[in-house]
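Rule-based calculations on the coordinates, nothing more; no lab input. Please read these numbers as outputs of a predicted model, since none were measured by experiment. No Cβ is skipped: glycine too gets one built from the backbone with ideal geometry, and neighbour counts run over all protein chains shown.
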Amino acid sequence: MGYMPVIGLEIHAELMTRTKVFCSCETGFGSERNSHVCPVCLGMPGALPVLNQKAVELAVSAGLLLGCEITRTTRWDRKNYFYPDLTKAYQISQLYAPLCLGGGLEINGRFIRLNRIHLEEDAGKLVHERNVSILDYNRAGVPLIEIVTEPDIRSSDEAVEFVERIRRNLVYGDICDGKMEQGSLRVDANISVMPEGSDVYGTRSEIKNINSFRFIKRAIEFEIERQIGVLENKGRVIQETRRYDEASGETFSMRSKEDAHDYRYFPDPDILPLFISDEDIAAIREKLPEPPHIRFLRYTDSYGLSAKDAETILSERFTADFFDAAVKNGADPKAASNAVRGELLRCVRESGGNEIPIGAEDFTKALVLAAKNAITQEGLKTALSYMFFNRADLDTAVKVNNLLVSEDAGLIGTVISEVLAASPDIVSKYKDGNQRVFSYLFGQCVKRLKGKALPATIDAELKKGLSEL
Ligand SMILES: [Zn+2]
């Protein structure tokens, strides 16, 4: 019998605020253990939380980018449970009136619905070292949004693509830095399987805290197979919380899965409800960047880029912003796209950074020089990489590398003679009718002419030179 996977995700994203959500401790990652703590985030008796407005603003921004309805009167609830990383023995979260409702994203023609986005505080961290476990509360109270989908996802690939899209929106909006390796973005996956053709969901298990795209795919695939195995052997899938083990690639049972009522949620009496007005929402919307899926339409429909090229440029916000600045400056979109995806992304990878330190104006001028054949395509690459790594302007890059095409007939003739004289074997192969060796000779000429002559000229002159031999 065939089975259909049913997957829902809970994506936890740490917000890029300077301070925590209910106190003024800093949020920085990688600081000395327990150096960013105070009575509020340590849950001392009598300490009172004060809501961080910036956290609300970023959570609303996420809701607006993902097409959610913003709740006008939002409240906070206590989720009660004990664990050493949670000193208060409750987490301040939102069950009854979450900040954002509905919304969603289209993935390959299928709309994946969001149920809600709510704001909550992160817990501390347990660091296990040999025989001891160390408690680090720096993360306790860091603002977190939880993005909860409906069970609309049908495969591990779709889950990965969905998380990638969510991450891209959050990074574009300066809402979350998206660093999964640092735990800023973590995913819980609810998975069940049902017989194909059925519309009754099976019992689900939840895999907690998956922290890379690769593991999302593997954990979901393992869990689907495991559940199918249980059902095929006439067993029963039980509702439970499972852990994905990265080393073995398997999931293991942690505890039976709790329902919301197990947490005895109740409204937090220390924090007043928050009223959000139309003006508040308009002010937040005003500050939002153009969302990536809207840019995608502009790139493909107005600029005529292919979907694949548009996705490459959009994969990081700094590349998309650079591209947009160039086009705004008058650069030809296709030429700009080629240069960004080719030489500039190569430079970015080589530098290991996340910026393109070239002015939009110089970049546009370099494209124009290449379009006018004042520099060759090879010369363009040289100019871009020189500007990139030396923080130089275009004039300097062209001058230092001597890039202007001169089409000097004397120089071209000399170089061609030299190349032909240096490879008598290849020349005789060509003379014997082997046309394929031409590209070798051509390449040698291009290399020696260092962008001083156009490819078409070299091609014509080289053929002429060969015919005269
Ligand atoms: Zn604090």
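When the Debye formula is applied to the Cα atoms of the range 323-389, each taken as the same point scatterer, what base-10 log of I(q)/I(0) results at q = 0.19, 0.21, 0.24 Å⁻¹?
-0.65, -0.80, -1.05
Take residue 391, project a point 7 Å from its Cα along the Cβ direction, then tell me which residues of the range 345-359 have their backbone nitrogen under 19 Å from it.
Counting backbone N atoms under 19 Å from the label point, the list is 347-359.
Quick one: if you stick a label point 7 Å off each Cα along the C-beta vector at residue 302 and residue 436, how many nm between them?
Each label point is offset 7 Å from its Cα along the Cβ direction, giving 4.7 nm.
With the alpha-carbon atoms as the only input, what is the per residue convex hull volume for the range 27-77 in Å³? Intermediate results must be reported in sequence, preceding the final value.
Details: hull volume 6.1 nm³, N = 51.
Measuring per residue, one finds 120 Å³ for the Cα hull of the range 27-77.
If I model a spin label at residue 459 and residue 328 as a point 7 Å from the Cα along the Cα→Cβ vector, what separation in nanometres do I get?
So the two model labels end up 3.8 nm from each other.
Compute the orientation-averaged projected area for the range 409-467 from the convex hull of its Cα atoms and round it to one decimal in nm². All intermediate terms of the calculation are to be shown ahead of the outcome.
Details: hull surface 13.9 nm².
Seen from a random direction, the Cα hull of the range 409-467 projects 3.5 nm² on average.
Just going by the charge dipole of the range 325-467, with Lys and Arg at +1 and Asp and Glu at -1 on Cβ, which of 331, 462, 386 is farthest out on the positive end?
462
Over all distinct Cα pairs, what is the inverse of the mean 1/r for the range 273-376, reported as the Kirkwood hydrodynamic radius in Å? Each step should come with its number before you reach the end.
Values: mean 1/r = 0.0657 Å⁻¹.
Kirkwood hydrodynamic radius for the range 273-376: 15.2 Å.
For the range 43-201, what percent of Cα pairs sit more than 28 Å apart? Spell out each step's value before the answer.
Working: 3714 of 12561 pairs.
Result for the distance tail: 30 percent.
Extension gain residue 200-residue 354, at 0.36 nm per residue separation less the Cα-Cα distance, in nm? Kindly include the intermediate steps, with their values, before the conclusion.
Numbers: separation 154, 0.36 × 154 = 55.44 nm, distance 4.64 nm.
That works out to 50.8 nm of additional length.
Apply the Karplus curve 6.51 cos²θ - 1.76 cosθ + 1.60, θ = phi - 60°, to the phi angles in the range 433-446 and return the couplings in whole Hz, x for Gly and Pro.
So the Karplus estimates, Gly and Pro as x, are x, 7, 5, 5, 6, 4, 5, 5, 4, 4, x, 4, 5, 4 Hz.
Given just the C-alpha atoms of the range 3-281, how large is their convex hull per residue in cubic angstrom?
Details: hull volume 38.9 nm³, N = 279.
Taking only Cα atoms, the range 3-281 has a hull volume of 139 Å³ per residue.
Where in the chain is the longest stretch that carries no GluC sites (Glu not before Pro) classed as loop by DSSP and with at most 10 other Cβ atoms within 10 Å? Write out the running numbers ahead of the final one.
Working: sites that count: 32, 196, 468.
Answer from the scan: 197-467.
Between the range 415-441 and the range 344-406, how far is it from one alpha carbon centroid to the other, in angstrom?
Measuring centre to centre over Cα atoms gives 32 Å.
Compute the distance from the alpha-carbon center of the range 30-101 to that of the range 176-215, in whole Å.
So the two Cα centres are separated by 22 Å.
Kirkwood hydrodynamic radius, computed over distinct alpha-carbon pairs, for the chain: how many Å, to one decimal? Please list the in-between numbers first.
Values: mean 1/r = 0.0379 Å⁻¹.
By the Kirkwood definition, the hydrodynamic radius is 26.4 Å.
Subtract the Cα-Cα distance of residue 132 and residue 429 from 0.36 nm times their separation in residues, and report this length gain in nm to one decimal. Write out the running numbers ahead of the final one.
Values: separation 297, 0.36 × 297 = 106.92 nm, distance 7.37 nm.
Residue separation times 0.36 nm, minus the Cα-Cα distance, leaves 99.5 nm.
What angle, in degrees between 0 and 90 and rounded to the nearest 10, separates the Cα long axis of helix 409-422 from the longest principal axis of the Cα atoms of the chain?
The angle comes out at about 90 degrees.
Rg(Cα) of the range 180-229 divided by 2.2 N^0.38 Å? Walk me through the intermediate numbers first.
Values: Rg = 12.6 Å, N = 50, 2.2 N^0.38 = 9.7 Å.
That ratio works out to 1.29.
Going by how many other beta carbons lie within 10 Å of each one, how would you line up 387, 194, fewest first? Mind showing how you got there, number by number?
On the way: 387 24, 194 17.
Listed from fewest to most nearby Cβ atoms, that is 194, 387.
Provide, in order from the shortest bin, the percent of all Cα-Cα pairs of the range 146-193 in each 5 Å bin, continuing until the bin that contains the maximum pair distance.
For the range 146-193, the pair-distance distribution reads 4, 18, 30, 25, 14, 6, 1, 0.
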